Amino acid sequence: MSNIYLRNDLSVVLLLLLFNDNCAYAEDKQVIKLGMSTALTGPAKQIGEQLYQGSNVYFNKVNKSGGINGVQVQLIVADDGYEPRRAVRNTRHFIYKDKVDALFGAMGTPTSFAVSALLEKLQTPYLMPYSGAEFLHYQPKMNVFNLRASYEDEADEQINALFINKTDKNKHIVYRSVL
């Protein structure tokens, strides 16, 4: 996905946060708070660090150019070490103490699953989790906005990339061959 599409998608989602029933009106809102629980330590720390650094660079750029509709974005990050219990603890802190508007950029299927009941109960938006888990893509029970494709879609694309289909003029597959 190109950077312009990512920027547009993210801007739309964050603008929607401004008009959420749980938020103040855009003119009263001074900051959009996003909570990011990710692995900054542990076996998956390289992925978590990259997600955090990339998000931080992007939001700094957005804020330097005036924010979103004049509202600055504050990214609050906490280390969960890719451990579900820590992700739940971080999420509770974000929601109850930091009063975040949404959770953003969480990493992993087990951590996403661990926080899903809480997010469903409180209807807290879950923006762009780094997981292709089925429960996030097909009839999710929480307010989730996925950027990553589902694991099923990723697998389909990988399989299709491995094969060349030769079709006849009626669009029937005549043979498949591996590249």
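The values are calculated or read from the model by the stated rules, or taken from the named source; none is laboratory data. Source: prediction; values computed, not measured. For neighbour counting, all protein chains shown are included, and Cβ atoms are generated from backbone atoms with ideal geometry for every residue, glycine included. Surface accessibility is based on the protein's heavy atoms, side chains included, excluding ligands, DNA and RNA. Shrake-Rupley method; radii C 1.70, N 1.55, O 1.52, S 1.80 Å.
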**Request:** Among what's in the range 34-70 and is modelled with pLDDT of 95 or more and touching a helix residue (DSSP H, G or I) at 6+ places or on another chain (Cβ under 7 Å), pick the residue that is farthest from PRO110 (Cα to Cα).
**Result:** GLY35
**Message:** Quick test of your reading of the structure: GLN139 fulfils all but one of (1) outside any loop (DSSP other than H, G, I, E, B); (2) without any contact (Cβ under 8 Å) to a residue 40 or more places away in the chain; (3) surrounded by fewer than 22 Cβ atoms within 10 Å (Cβ to Cβ). Name the failing condition by number.
**Reply:** (1)
**Request:** Might you check whether a residue that is under 17 Å from MET36 (Cβ atoms), open to solvent by 30 Å² or more (accessible area, probe 1.4 Å) and either at pLDDT below 95 or not hydrophobic (A, V, I, L, M, F, W, C) (or both) occurs anywhere in the range 159-173?
**Result:** no
**Fill in**
If we ask which residues in the range 88-132 are free of Cβ contacts under 8 Å to residues at least 40 places away in the same chain, under 20 Å from GLN50 (Cα atoms) and either charged (D, E, K, R) or open to solvent by less than 20 Å² (accessible area, probe 1.4 Å) (or both), their number turns out to be 5
